[in-house]
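Novice: One structure, pasted below without further comment.
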Amino acid sequence: MIPHFLDDLPDRWPDTPCRNAPHLFVDNRSTPAAERTKEAKSLCAGCPVRTACADHAIHNGIRDGIYGGLTIAERDAVVRERAAADE
(Lines give C-alpha, C1' and ligand atoms only; values in the text may rest on other atoms or scores of the structure.)
Protein backbone atom coordinates (compact mmCIF):
# COMPACT_ATOMS: atom_id res chain seq x y z
CA MET A 1 0.00 0.00 0.00
CA ILE A 2 1.32 3.45 -0.90
CA PRO A 3 1.26 5.83 2.08
CA HIS A 4 -1.53 8.34 1.55
CA PHE A 5 0.80 11.30 1.97
CA LEU A 6 2.39 10.50 -1.39
CA ASP A 7 -1.04 10.98 -2.94
CA ASP A 8 -1.05 14.47 -1.39
CA LEU A 9 2.18 15.51 -3.11
CA PRO A 10 1.81 17.10 -6.53
CA ASP A 11 2.96 14.93 -9.44
CA ARG A 12 5.37 17.67 -10.46
CA TRP A 13 7.59 16.56 -7.55
CA PRO A 14 8.56 13.04 -8.70
CA ASP A 15 12.14 12.93 -7.41
CA THR A 16 11.68 13.94 -3.80
CA PRO A 17 13.51 11.97 -1.08
CA CYS A 18 10.23 11.01 0.59
CA ARG A 19 9.23 8.93 -2.42
CA ASN A 20 12.20 6.64 -1.70
CA ALA A 21 11.56 6.33 2.04
CA PRO A 22 7.83 6.91 2.59
CA HIS A 23 7.79 4.94 5.83
CA LEU A 24 9.69 7.77 7.53
CA PHE A 25 7.06 10.38 6.79
CA VAL A 26 3.97 8.69 8.21
CA ASP A 27 3.01 7.22 11.57
CA ASN A 28 3.83 3.58 10.89
CA ARG A 29 4.99 2.64 14.40
CA SER A 30 7.74 0.38 13.02
CA THR A 31 10.40 2.93 13.94
CA PRO A 32 10.41 5.05 17.11
CA ALA A 33 8.78 8.42 16.39
CA ALA A 34 11.78 10.54 17.40
CA GLU A 35 14.15 8.52 15.23
CA ARG A 36 11.75 8.51 12.28
CA THR A 37 11.17 12.27 12.56
CA LYS A 38 14.89 13.00 12.75
CA GLU A 39 15.61 10.87 9.68
CA ALA A 40 12.69 12.35 7.71
CA LYS A 41 13.79 15.90 8.54
CA SER A 42 17.31 15.02 7.43
CA LEU A 43 16.01 13.91 4.03
CA CYS A 44 13.83 17.01 3.75
CA ALA A 45 16.78 19.30 4.49
CA GLY A 46 18.27 18.67 1.06
CA CYS A 47 15.01 18.54 -0.88
CA PRO A 48 14.59 21.18 -3.59
CA VAL A 49 10.85 21.52 -2.95
CA ARG A 50 10.98 21.64 0.83
CA THR A 51 9.27 25.01 1.22
CA ALA A 52 6.65 24.25 -1.43
CA CYS A 53 5.94 20.90 0.23
CA ALA A 54 5.41 22.50 3.66
CA ASP A 55 3.20 25.19 2.11
CA HIS A 56 1.21 22.49 0.31
CA ALA A 57 0.50 20.73 3.61
CA ILE A 58 -0.39 23.98 5.36
CA HIS A 59 -2.68 25.26 2.61
CA ASN A 60 -4.44 21.90 2.33
CA GLY A 61 -4.86 21.38 6.08
CA ILE A 62 -2.95 18.11 6.14
CA ARG A 63 -2.91 16.98 9.76
CA ASP A 64 -0.41 14.12 9.78
CA GLY A 65 3.07 13.24 8.65
CA ILE A 66 6.20 15.26 7.93
CA TYR A 67 5.95 17.74 5.06
CA GLY A 68 8.77 20.04 4.06
CA GLY A 69 10.70 18.97 7.13
CA LEU A 70 7.94 20.16 9.47
CA THR A 71 5.84 18.19 11.92
CA ILE A 72 2.18 19.00 12.50
CA ALA A 73 3.07 21.16 15.51
CA GLU A 74 5.73 23.01 13.52
CA ARG A 75 3.31 23.62 10.64
CA ASP A 76 0.76 24.93 13.14
CA ALA A 77 3.42 27.32 14.47
CA VAL A 78 4.07 28.59 10.94
CA VAL A 79 0.34 29.23 10.50
CA ARG A 80 0.25 31.19 13.78
CA GLU A 81 3.35 33.19 12.82
CA ARG A 82 1.91 34.05 9.42
CA ALA A 83 -1.40 35.10 10.98
CA ALA A 84 0.40 37.32 13.49
CA ALA A 85 2.46 38.90 10.72
CA ASP A 86 -0.73 39.69 8.78
CA GLU A 87 -2.27 41.55 11.74
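Novice: Is region 15-72 rounded, prolate or oblate when judged by the Cα gyration tensor, a ≥ b ≥ c being the square roots of its eigenvalues, rounded requiring a/c under 1.5 and prolate requiring a/b larger than b/c? Intermediate values should be presented prior to the final figure.
Specialist: Numbers: a/c = 1.91, a/b = 1.27, b/c = 1.50.
Oblate, because a/c is 1.5 or more while a/b does not exceed b/c.
Novice: A follow-up question, please. Rounded to the nearest 10 Å², what accessible area does Arg80 show when all protein chains are kept and the probe is 1.4 Å?
Specialist: That residue has around 150 Å² of solvent-accessible surface.
The values are calculated or read from the model by the stated rules, or taken from the named source; none is laboratory data. Source: prediction; values computed, not measured. Surface accessibility is based on the protein's heavy atoms, side chains included, excluding ligands, DNA and RNA. Shrake-Rupley method; radii C 1.70, N 1.55, O 1.52, S 1.80 Å.
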